[in-house]
Amino acid sequence: MDELLKIVTFILLSSVKFTVGLPLVYLNETYDFTWLETNIYAIIGGMIGVIVFMHVSEWLIALWDRFRLFFFKKKIQSKSLFSRPTVDIEGNLEVHYEYVEKSLPARKLFTRRNRKMVQIWRKYGLIGLATLTPVLFSIPLGTFFMTRLAKNKKRIIIYMFVSVTSWSLLITTLFEILHVGSINEIIK
C-alpha cells in the first residue's frame, strides 16, 4: 500500500508540476523507482494532467463565454442603434423602431490580453508551446493556452505526449547520470 501511495503521489505531482515530480524521485530517498518506472509514471502523470486540464479548460472557456454574454449583453443592447420594437396589433401588423443614436462606439479588437496571447502564439506556435509547457510553464497553464488557441485536440495530445516523453527521458537520464556519478565519488 505504501508503494501504491508513492506511485499515485508521483503521478499526481507530475500531472500538475512536471519538473517538480522528476527531481523528487532522485532527491527523496523514499522513492526508489528505477529509471524506467520513473519515466513511465512521469509520462502517465503528465498525460493525465493534459487530458484533465484540456477538459477543464473547455469548461472554463464555456463558463466565461456564458458569463460575458449574461453580464455584457445588457451593455450591448443599450448601445444599439434602434430601440426595442413595439408592435401595433390594431388592424394590419406594423413594427415600429425609434432611432436612438447616430453610431455605435468602435469596438476594441485587440485588448492588452488578446495582444499578449497572439504574440506568444505567433512566436512559438503549438509545437513551441507544447515543447515549453512541461518545463517552463505548468501543464495546466500550457494546456489552457493551447486549448484556447488551437481547436484540434488530437494535435495537442500528440504534441504534448512527444514533449512530456522527451523531457521525461532527458531529465531522468541527467538525474541518473548525476546520481550515479555522486555515488561513485562517495565510494572512492
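No lab work stands behind these numbers, since they all come straight from the coordinates. On a predicted model such as this, the values are computed, not experimentally measured, just so you know. Every residue, glycine as well, gets a Cβ built from its backbone with ideal geometry; the counts of neighbours run over all protein chains shown.
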Leu136 to Val56: extension gain in nm, 0.36 nm per residue of separation minus the Cα-Cα distance?
26.7 nm
For segment 23-32, in order, what is each residue's ³J(HN,Hα) by Karplus, 6.51 cos²θ - 1.76 cosθ + 1.60 with θ = phi - 60°, in whole Hz (x at glycine and Pro)?
x, 4, 5, 8, 8, 9, 5, 6, 8, 10
Inter-probe distance in nm under a simple model that places probes 7 Å from Cα toward Cβ, at Tyr124 and Ala150:
1.2 nm
Listed residue pairs exceeding 26 Å between alpha carbons, taken from Lys6/Lys153; Lys123/Lys154; Lys6/Lys154:
Lys6/Lys153; Lys6/Lys154
Which of the peptides 21-32, 138-149 is most tightly packed, and how do the rest follow, judged by the mean count of other Cβ atoms within 10 Å per residue?
138-149, 21-32
